[in-house]
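Okay, so here's the structure we're looking at.
The values are calculated or read from the model by the stated rules, or taken from the named source; none is laboratory data. Computed from a predicted model, the values in this text were never measured in an experiment. Every residue, glycine among them, receives a Cβ derived from its backbone with ideal geometry; neighbour counts consider all protein chains shown.
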Amino acid sequence: MKLNQECTLLQNELRKFAQQVILEKVDELDEARSLPFDNIRQLAEMGILGATIPEDMGGAALDTMSSVVSLEEISKVCASTALIIAVHNAFFAFPILKFGNEEMKKKYLLKATLGEIVGGFADSSTNKVKVKKQDNNFILNGTNPFVLNAQTNGPIVAFLPTSQKNEGFSAFVLDNDIPGLKRTGNANIIGLKSAGIGELIFENCAVSQNALIGAENQGKAILAEVQNLGRIFVSGIALGIAQGAIDNAIKYAKERVQFEQAIINFGMVREKIADAVMMIEATRLLTYDAAMKRDANENFSQAASMAKYYAGQSAVEITTQSIQIYGGYGYMKDYPVERYFRDAQVINVICSTPVEEKENIARERIG
Amino acid sequence: MEYFFSEKEKQLWQKAHDIAENMVCPIRDEFDEKAEFPLELIKEMGKQGMFKIFIPEEYGGTGAKVMDMCIAVEEISRVCAGIATAYSVGALGSGPIVYYANDQQKKKYLPKIATGEELCAFALTEAQAGSDAANIQTTARKDGDYFILNGVKQFISNASVSDVYTVLASTDKARGARGISTFIIEKDFPGLSYGKEENKLGIRASVTSELVFEDCRVPKENLMGKEGFGFIYTMRNFDRARPGVGAIALGIAQGAYEDTLDFLYKHDLLSNQYVQKKIVDMATEIEAARAVLYATARMVDSGTKGFSKESSFSKLYPSDIAMKVCSDAVALMGPYGCLREYYLEKRLRDAKITQIYEGTNEIQRTVIALELTRDQGIKVQQAGGK
């Protein structure tokens, strides 16, 4: 698939940045479960943190295609960095831009573009957090266990159950310094250890009505849009993980000699490479197709779910087989593929699980 | 499914089950996280007779039945595959002594291995000899009443905690695989030390490190069997040991399945047919894996000769199923499946090694392909012509 010139330039720039800057510390950060703040700062300077934000608000106003290509390039080297960017752009900035009021946009979007804040995302819509209305405030209690960008210490777009009678939930933007909101350390998670996934704990946390994005109990439609865009971005990350893993494995297989020849000569290795190449190409086509549909203002909901399902499952399979190509070495933390494998597991279930994606796809088709 | 365990087998299962639930389960997270060998537990398992099942009766064991190994290892692995690996390395290490050592050597080493007083390990792999196992560079040079060993063994399970090792070294490099011999090496032999300890994705309770030989002096009575037969002994020992890896994989799959079913029930997700289909496929594949494993174990224990193909089946299929079940389980449990506290992520990390160690699944497929074509009277040139 031929990318336009703008997109190609961005791709080259990020490929270089990933290789020259991100690569150096990626394993160290993973091992320490530390966030890649240096990467984020430099990506902000390159405009990547304002990808979804219009130019008149200081953003880079990239189309979906360019965002996906950027995430793919970053994720080939560090999926955690890519996820932080994707969450910030799709799950945080986008709903504020599309559904927030003017005051909110002014308050958050310029800072988001500059990387002064890196926003997070919490989905508590399924009643993990209890909400009580008191005057003009909502009082929150409970724990949300799987918050994206919890540790970037920015404000968080949260979907919270505001209706006692299960009539719906609402979208909020929660400032990082509101009393009663606590962020725990990194979730002890298999992969994406540098992405700052964590918990939010609400203890009598009072959130003003002014923090509502859109109308009360109208969160469902907002969440659906956020997730649709999120699926495309996450597919781009999965694509990068799969590509990065197999690239490493191919390089290794060319160097590793067993039975007096490079193992790349063996049919069982070549078959894995062929499978990976096919799956990656199919993922790329599905993901780019979903992105282009969105950029053309077409309905892209089914395309996004297909991309996400296929990208996630392929990333899991390809990273598993990449370890296999390395053999015993692939199981050791001295080599990079085990990290790709761990990251792929998490990417596969972000936004929604493969089971949920299949249901979305069937529902879209059946009507 | 009913596999008609004997009374003795039922008792062994019960013992393994009690150990797994009461002793392994409480410590499994801690030892995975710290990547530490559970020495105290392994010693206690020895006291309870768990190593006796690897050793023949005349040397203090209970019969060295492959079926017994499968029953015990599967049940421990259902709770923790890292600890199951730490335990079952004893079978891999003692196997060559059981089958290829002379009576004097057996008397000297096996009774202590049977009680768990001494732990044993097996050392074949080297940096340049992974799948190409015959390519080992470690040498054993004759010097009077001794062999002098030099070389570095890599990725050796339990290396730093064992007392006795069966080690392969080349006594005649010119003869390639037919110049390899097996030695029984004690940890106190001068010139033996431990090198780099590996930081692994999974089975972290099983420590893995280098075993370094620097002019290590080994008495010539510690040569096992005939000089130049080491590689053959090893391949035959692998034929008996591979079901052990199948059992580890099966235990992982079974544990993941049980946890997932429990999770789905608690989250009220079992009425969903997408979910039902996945769960049913898991259960079916696990049962198929168990069937091939137990059938292989019974076949080996029957005393039949030649079971390389079946032995490879019994490792290949359960290990592929373990990976599939764990991956599918993550897809079902969603983000929870990725969090340490739900334990599934550890099973997934552990499962990956079962496709790799004791011969990658590609090597298993090569072994099976060779046997299948041989069965049909077809001669096929194998990789590397070896």
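Which condition number does A:ARG231 fail, the rest of (1) surrounded by 21 or more Cβ atoms within 10 Å (Cβ to Cβ); (2) charged (D, E, K, R); (3) modelled with pLDDT under 95 being met?
Every condition holds for A:ARG231 apart from (3).
Could we say that A:ASP334 is acidic (Asp, Glu), within 10 Å of chain B (Cβ to nearest Cβ) and over 30 Å from A:PRO145 (Cβ atoms) here?
yes
Per-residue answers, yes or no, for (1) assigned to a loop (DSSP other than H, G, I, E, B); (2) of a type in the set (Lys, Arg):
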residue	(1), (2)
A:PHE146	no, no
A:VAL157	no, no
A:GLN164	yes, no
A:PHE172	no, no
A:ILE178	yes, no
A:LYS182	no, yes
A:SER194	yes, no
A:PHE202	no, no
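Does A:VAL118 count as surrounded by fewer than 24 Cβ atoms within 10 Å (Cβ to Cβ) and either touching a helix residue (DSSP H, G or I) at 6+ places or on another chain (Cβ under 9 Å) or not in a loop (DSSP other than H, G, I, E, B) (or both)? Before you say what the answer is, go through the steps one by one.
Details: surrounded by fewer than 24 Cβ atoms within 10 Å (Cβ to Cβ): no; either touching a helix residue (DSSP H, G or I) at 6+ places or on another chain (Cβ under 9 Å) or not in a loop (DSSP other than H, G, I, E, B) (or both): yes.
No: the conditions fail for A:VAL118.
If I ask for residues that are over 19 Å from A:VAL69 (Cβ atoms), small (Gly, Ala, Ser) and touching a Ser or Thr at 6+ places or on another chain (Cβ under 9 Å), which ones from the range A:291-318 would you list?
Of everything in the range A:291-318, just one residue is over 19 Å from A:VAL69 (Cβ atoms), small (Gly, Ala, Ser) and touching a Ser or Thr at 6+ places or on another chain (Cβ under 9 Å), namely A:SER305.
Take the residues of the range B:349-382 that are of a type in the set (Gly, Ala, Ser) and surrounded by 14 or more Cβ atoms within 10 Å (Cβ to Cβ): which is nearest to B:ALA129 (Cα to Cα)? First the steps, then the outcome.
Filtering the range B:349-382 for residues of a type in the set (Gly, Ala, Ser) gives B:351, B:359, B:369, B:377.
Among the residues that remain, those that are also surrounded by 14 or more Cβ atoms within 10 Å (Cβ to Cβ) are: B:351, B:359, B:369.
On the way: B:ALA351: 23, B:GLY359: 11, B:ALA369: 21 Å.
So the residue we want is B:GLY359.
Select from the range A:242-256 the residues that are surrounded by 22 or more Cβ atoms within 10 Å (Cβ to Cβ) and more than 14 Å from chain B (Cβ to nearest Cβ) and list them in ascending order.
Once the filter is applied, which keeps residues that are surrounded by 22 or more Cβ atoms within 10 Å (Cβ to Cβ) and more than 14 Å from chain B (Cβ to nearest Cβ), the range A:242-256 yields A:ALA242, A:GLN243, A:GLY244, A:ILE246.
With the structure loaded, tell me whether A:GLU167 is acidic (Asp, Glu), at negative phi and at pLDDT 95 or above or whether it fails that test.
No, not satisfied.
Output the residues belonging to the range A:54-84 that are surrounded by fewer than 24 Cβ atoms within 10 Å (Cβ to Cβ) and among the acidic types (Asp, Glu).
Within the range A:54-84, A:GLU55, A:ASP56, A:ASP63 meet the criteria.
Of all helices (runs of 4 or more DSSP H) completely enclosed by the range B:281-386, which ones contain at least 2 residues that are without any contact (Cβ under 8 Å) to a residue 12 or more places away in the chain?
B:361-375
Across the range B:330-345, what is the number of residues that are in contact with a His (Cβ under 9 Å, 6 or more places away or on another chain) and either facing chain A (nearest Cβ under 7 Å) or of a type in the set (Gly, Ala, Ser) (or both)? Write out each step before concluding.
Keep residues of the range B:330-345 that are in contact with a His (Cβ under 9 Å, 6 or more places away or on another chain), which gives B:333, B:336.
Within this subset, residues satisfying the condition of being either facing chain A (nearest Cβ under 7 Å) or of a type in the set (Gly, Ala, Ser) (or both) are none.
Counting residues in the range B:330-345 that are in contact with a His (Cβ under 9 Å, 6 or more places away or on another chain) and either facing chain A (nearest Cβ under 7 Å) or of a type in the set (Gly, Ala, Ser) (or both) gives 0.
When only residues in the range A:1-58 that are more than 18 Å from the chain's Cα centre (by Cα) and of a type in the set (Gly, Ala, Ser) count, which is modelled with the lowest pLDDT?
In this case the residue turns out to be A:GLY58.
If you check A:LYS182 against the conditions, is it surrounded by fewer than 16 Cβ atoms within 10 Å (Cβ to Cβ), charged (D, E, K, R) and in contact with a strand residue (DSSP E or B) (Cβ under 6 Å, 6 or more places away or on another chain)?
In short, yes.
Return yes when B:ILE232 is aliphatic (A, V, I, L, M), within 30 Å of A:VAL147 (Cβ to Cβ) and more than 14 Å from the chain's Cα centre (by Cα) and no when it is not.
no
I'd like to verify a number: residues in the range A:37-53 that are surrounded by fewer than 24 Cβ atoms within 10 Å (Cβ to Cβ) and either touching a helix residue (DSSP H, G or I) at 6+ places or on another chain (Cβ under 6 Å) or in a helix (DSSP H, G or I) (or both), how many?
Result for the range A:37-53: 7.
Conditions first: (1) in a helix (DSSP H, G or I); (2) closer than 26 Å to A:THR319 by Cα; (3) touching a helix residue (DSSP H, G or I) at 6+ places or on another chain (Cβ under 9 Å). A:PHE94 passes all but one, so which condition is the exception?
(2)
Just to check your reading of the model, which residue among A:GLU317, A:GLU359, A:GLU364 is at the interface with chain B (Cβ under 9 Å from one of its Cβ atoms), farther than 30 Å from A:ASP27 by Cβ, of a type in the set (Asp, Glu) and in a helix (DSSP H, G or I)? Show your work before the answer.
Details: A:GLU317 fails: farther than 30 Å from A:ASP27 by Cβ; A:GLU364 fails: at the interface with chain B (Cβ under 9 Å from one of its Cβ atoms).
The match here is A:GLU359.
Considering each residue of the range B:346-386, count those that are more than 7 Å from chain A (Cβ to nearest Cβ), farther than 16 Å from B:THR85 by Cβ and over 15 Å from the mean Cα position of the chain (by Cα), and give that number.
Summing the residues that are more than 7 Å from chain A (Cβ to nearest Cβ), farther than 16 Å from B:THR85 by Cβ and over 15 Å from the mean Cα position of the chain (by Cα) in the range B:346-386 gives 19.
Can you work out which of the residues in the range A:327-360 that are crowded, with 24+ Cβ neighbours inside 10 Å and of a type in the set (Phe, Trp, Tyr) is farthest from B:GLU358 (Cα to Cα)?
A:TYR340
Please go through the range A:257-271 and give me each residue that is within 9 Å of another protein chain (Cβ to nearest Cβ) and without any contact (Cβ under 8 Å) to a residue 60 or more places away in the chain, ordered by number.
Correct list: A:VAL257, A:GLN258, A:PHE259, A:GLU260, A:GLN261, A:ASN265, A:PHE266, A:GLY267, A:MET268, A:VAL269.
Check the range A:293-313 and report whether any residue there is in contact with a Cys (Cβ under 8 Å, 6 or more places away or on another chain), buried (at least 17 other Cβ atoms within 10 Å of the Cβ), in contact (Cβ under 8 Å) with a residue 24 or more places away in the chain and assigned to a helix (DSSP H, G or I). Before the answer, list the steps.
As a first pass, look at the range A:293-313 and keep what is in contact with a Cys (Cβ under 8 Å, 6 or more places away or on another chain): A:308.
Subsequent filtering for residues that are buried (at least 17 other Cβ atoms within 10 Å of the Cβ) retains A:308.
Next, only the ones that are in contact (Cβ under 8 Å) with a residue 24 or more places away in the chain stay: A:308.
Still in the running and assigned to a helix (DSSP H, G or I): A:308.
Yes.
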